[in-house]
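Here it is: the structure, laid out below.
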Amino acid sequence: MKYFPLIWATLWRKKTRTLFTLLSVVIAFLLFGMLETVDYAFSHPSAGTTGADKLISTNKYSITLPLPFADLQEIRSVPGVTDATWLTWLGAYYQESKNFVFALPIDTESYFNVHKDEFIVSDEQMKNYRGTRSGALVNVALMKKFGWKVGEKLPVHSTIWTQKNGSLDWTFDIVGTFDVKDSTQANAQAYTVFFHYDLFDEGRSFGKGTVGWIEERIDNPANAAAIAGKIDALFANSPNETKTQPANDFAMTFIKQIGDIGFVLRAILGAVFFTLLFLTGNTMMQSVRERIPELAVLKTLGFTDGKVLALVIAESLLLCLFAAVIGLGLSYATLPIIGQALQGVQLDPVALIPGLGAAVLLALIVGFPPAWRAMRLNIVDALSGLH
Amino acid sequence: MSEVIVSLRNIDKSYVRGKQSIDVLQGLTLDIPKGEFVALMGPSGSGKTTLLNLIGGLDTPTSGEITVAGQRLDKLSSGGLSHWRANHIGFVFQFYNLMPMLTAQRNVELPLLLTNLSAEKRKANAVAALTLVGIADRAKHKPSELSGGQAQRVAIARALVADPMLLVCDEPTGDLDRKSADEVLHLLQILNREHGKSIVMVTHDPKAAEFASRQLHMDKGSLLEAGATLV
């Protein structure tokens with residue numbers, strides 16, 4: 001700590017240059033924080049389902065391709081599968097396309113059996129839902145977001161499913177609300193609207209007798225892989241082969257339909273840090289070059305080679321860590337905004353922690369060459385201006 | 001006979017620049033008693049600064065023995081020389097060589113960072129050194145806010161703060177006007193006479209050399225006979 005005033009003062013020797021370098025690093029780490037959080041969310045999915053006791057079967061070749069409804073009975077017969085339910089992606093929004101709504105047609109009995117003890121719904125509202133063919137159960141957060149009230153009509157626009165009359169608009173009656181028991185699932189379910197599968201299947205103009213995917217509850221998570229294998233074996237070489245995987249993996253597959261998000265994000269970050277490496281590295285080199293007589297004086301006073309090396313590296317660490325903490329702090333502040341833009345994706349601040357590691361790595365890479373040069377400085381040559 | 005603080009025996013020093021070897025010092029032998037204020041004079045290229053660097057432990061001889069404050073410097077490693085310098089030598093340069101971003105007090109504290117003194121003690125010692133050179137009122141000023149004479153006083157305070165036995169001064173008045181130069185030289189004289197500091201000072205200025213208790217003249221890498229000067 002006793003060297004801190006010296007390192008800090010040295011860092012701000014050229015205020016403007018340090019400020020601009022600091023800003024560059026802050027912006028890089030702001031970007032890092034934002035992208036890394038999204039990447040983390042995509043590679044640690046929690047959207048849609050919880051627990052290791054659930055599997056999801058989709059069409060082997062694409063999640064956008066349907067499965068025959070008849071597969072359901074065969075899947076239910078697989079040992080280890082305690083229940084199964086079926087769903088389809090409505091692809092809906094409310095009024096404007098930015099108002100994404102995860103409207104999900106469900107078979108009430110089997111869905112709440114598979115997702116036992118995951119949702120909180122009052123008995124009265126559940127009774128109303130069961131008794132109302134056009135009824136919908138809406139997540140409490142979504143109700144609050146749009147200011148909806150129980151008893152109101154809920155019109156949504158599907159981007160996929162036309163009704164028999166050719167309309168893409170579907171209207172439900174809000175008969176109740178639900179909340180999630182596991183608070184970690186709050187974000188994942190924040191846009192969900194449940195409505196009756198019968199209403200959907202009868203109303204749609206095509207695709208009858210098919211489902212988007214099938215969700216299974218299994219008796220023992222340890223047997224998940226074996227059970228998944230048995231399910232897929234049932235449909236091997238059929239026109240509708242399946243791909244069965246743990247629910248969390250499914251969420252990732254679902255999101256990755258839009259491309260290899262991780263690769264894109266890492267490519268952007270790679271480019272940013274590669275540029276930053278040159279920028280910060282050049283600043284550090286220039287800074288040390290300008291201070292050669294001062295470094296020579298420190299050595300003259302008795303600072304050893306190792307101490308001078310450590311001082312320059314500490315300066316680099318201070319610059320990078322200081323800027324990284326600001327940048328990551330700013331990105332933490334933007335999490336709610338990103339979360340809103342990526343509706344349904346849960347963002348975890350824990351993804352920001354590797355940022356500090358990246359800052360240390362950056363500091364060492366850009367700090368070492370000038371530190372090495374400072375360490376190797378010959379005092380006599382440096383004082384006589386030969387360096 | 002008084003105790004010798006600097007002893008050089010048959011010192012040779014040569015540098016290699018490109019493919020050329022340049023002999024700077026040849027067979028130099030010299031004793032400087034403790035408590036002496038020596039002025040080292042001679043034309044440019046005569047080897048004064050090289051000799052000063054050897055005495056200050058900034059450089060090592062090509063051959064010969066050099067003993068300062070009882071320590072054989074030619075036997076020490078680079079790290080050993082660093083530790084030795086921190087404890088035994090104070091340096092004063094022609095252009096002060098203060099850290100521009102630090103206050104006078106922080107500049108003076110620099111050598112004390114290598115000790116185990118507490119922050120309070122370091123500060124107290126720095127203020128004491130600044131008081132000794134008569135510039136305590138400028139403790140919070142940065143070098144750019146000081147005149148040349150004041151900056152050199154701060155540099156002398158920095159050289160003194162770790163209480164070294166020997167002060168090594170390379171043209172300490174070379175960048176100062178006559179009045180400031182005389183003040184700095186007078187200060188060095190007080191440090192020598194009243195505080196017992198041994199001083200070796202390189203200078204081109206005969207008037208500066210008059211402040212010393214002994215003058216040595218160098219030419220072409222050798223010391224001239226006592227009393228001899230170049231004409």
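Considering only segment A:262-310, state which residues are within 12 Å of another protein chain (Cβ to nearest Cβ), basic (Lys, Arg) and assigned to a helix (DSSP H, G or I).
Correct list: A:LYS299, A:LYS307.
Restricting attention to segment B:71-84, which residues are within 7 Å of chain A (Cβ to nearest Cβ), more than 24 Å from A:SER287 (Cβ to Cβ) and crowded, with 21+ Cβ neighbours inside 10 Å?
none
Continuing with the same structure: Check off (1) within 17 Å of the chain's Cα centre (by Cα); (2) facing chain A (nearest Cβ under 9 Å); (3) surrounded by 21 or more Cβ atoms within 10 Å (Cβ to Cβ) for B:ASN87 and give me the number that stays unchecked.
Among (1) within 17 Å of the chain's Cα centre (by Cα); (2) facing chain A (nearest Cβ under 9 Å); (3) surrounded by 21 or more Cβ atoms within 10 Å (Cβ to Cβ), the lone unmet condition for B:ASN87 is (3).
Just to check your reading of the model, which residue among A:ALA359, A:ALA314 is at negative phi, within 14 Å of chain B (Cβ to nearest Cβ) and touching a residue at least 60 places away in the same chain (Cβ under 8 Å)?
A:ALA314
Just to be sure I understand the filter: pairs with C-beta atoms under 7 Å, separated by 6 or more residues or on different chains, first member in segment B:46-58 and of a type in the set (A, V, I, L, M), second member part of a loop (DSSP other than H, G, I, E, B) and surrounded by fewer than 24 Cβ atoms within 10 Å (Cβ to Cβ). Which pairs pass?
The qualifying pairs are B:LEU54/B:PRO61.
Going by the conditions given, is A:GLY327 more than 14 Å from every other protein chain (Cβ to nearest Cβ), closer than 18 Å to A:LEU277 by Cα and in contact (Cβ under 8 Å) with a residue 24 or more places away in the chain? Show your work before the answer.
Details: more than 14 Å from every other protein chain (Cβ to nearest Cβ): yes; closer than 18 Å to A:LEU277 by Cα: yes; in contact (Cβ under 8 Å) with a residue 24 or more places away in the chain: yes.
For A:GLY327, the condition - more than 14 Å from every other protein chain (Cβ to nearest Cβ), closer than 18 Å to A:LEU277 by Cα and in contact (Cβ under 8 Å) with a residue 24 or more places away in the chain - is met.
Of all residues in segment B:167-202, how many are hydrophobic (A, V, I, L, M, F, W, C) and over 18 Å from B:HIS88 (Cα atoms)? Let's see the steps before the verdict.
Just the residues of segment B:167-202 that are hydrophobic (A, V, I, L, M, F, W, C), to begin with: B:167-169, B:176, B:181, B:184-185, B:187-188, B:190-191, B:199-202.
Imposing the further condition that a residue be over 18 Å from B:HIS88 (Cα atoms) reduces the set to B:176, B:181, B:184-185, B:187, B:190, B:202.
Of the residues in that region, 7 qualify.
List pairs: first residue in segment B:106-123 and buried (at least 16 other Cβ atoms within 10 Å of the Cβ), second residue of a type in the set (Ser, Thr, Tyr) anywhere in the structure, Cβ distance under 7 angstrom, at least six positions apart or on different chains.
B:LEU113/A:TYR3
Same structure, new question: Of the residues in segment A:107-133, how many are among the β-branched types (Val, Ile, Thr) and either farther than 25 Å from A:GLU216 by Cα or at pLDDT 95 or above (or both)?
Of the residues in segment A:107-133, 1 are among the β-branched types (Val, Ile, Thr) and either farther than 25 Å from A:GLU216 by Cα or at pLDDT 95 or above (or both).
Could you tell me which numbered condition A:TRP89 fails, if it satisfies all but one of (1) assigned to a helix (DSSP H, G or I); (2) in contact (Cβ under 8 Å) with a residue 40 or more places away in the chain?
(1)
Okay, next question. Any chance you could count how many residues in segment B:15-33 are surrounded by 15 or more Cβ atoms within 10 Å (Cβ to Cβ) and touching a Leu at 6+ places or on another chain (Cβ under 9 Å)?
Matching residues across segment B:15-33 total 5.
Mind checking whether some residue in segment A:306-329 is of a type in the set (Phe, Trp, Tyr) and at pLDDT below 90?
There is no residue in segment A:306-329 that is of a type in the set (Phe, Trp, Tyr) and at pLDDT below 90.
Say we look at segment A:318-333 and pick out the residues that are surrounded by 20 or more Cβ atoms within 10 Å (Cβ to Cβ) and over 21 Å from the mean Cα position of the chain (by Cα); which of these is farthest from A:PHE32 (Cα to Cα)?
Only one residue tops the list, namely A:LEU319.
Among what's in segment B:124-169 and is buried (at least 23 other Cβ atoms within 10 Å of the Cβ) and of a type in the set (D, E, K, R), pick the residue that is nearest to the other protein chains (Cβ to nearest Cβ).
B:ARG158
The values are calculated or read from the model by the stated rules, or taken from the named source; none is laboratory data. What you see is a predicted model, and the numbers here were worked out from it, not measured in a lab. Every residue, glycine among them, receives a Cβ derived from its backbone with ideal geometry; neighbour counts consider all protein chains shown.
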